[in-house]
Amino acid sequence: MPTKPTRRKARKARFHARIAGAPTTKEAFHEAIRYLTAELADVHNADEAEGDRLYTHYAAELRSSGDDVNRQRR
């Protein structure tokens, strides 16, 4: 009899399906960041709101570092 997947296994399957099904690489990248921040919040026993806050923080950091790289190329 199959058992119910753990919360982490279910989240991994859900996010991997979203990453694989993303129409663009940019959307797949952001789904990967969401997954990693959710895992990070889980490691620290935080709730989902903390994972969302971490995603917002890291997405902004990645955006600004990308802007810096683009400025250097000009």
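The values are calculated or read from the model by the stated rules, or taken from the named source; none is laboratory data. Remember, predicted model here, so these are calculated numbers, not experimental data. All Cβ positions, glycine included, derive from the backbone under ideal geometry; neighbour counts span all protein chains shown.
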Query raised in the report: How many of the residues in the range 8-50 are at pLDDT below 80 and exposed (fewer than 12 other Cβ atoms within 10 Å of the Cβ)?
Result: 6
Query raised in the report: Hey, among the residues in the range 17-35 that are without any contact (Cβ under 8 Å) to a residue 12 or more places away in the chain and of a type outside the set (Gly, Ala, Ser), which one's farthest from Leu62 (Cα to Cα)?
Result: Pro23
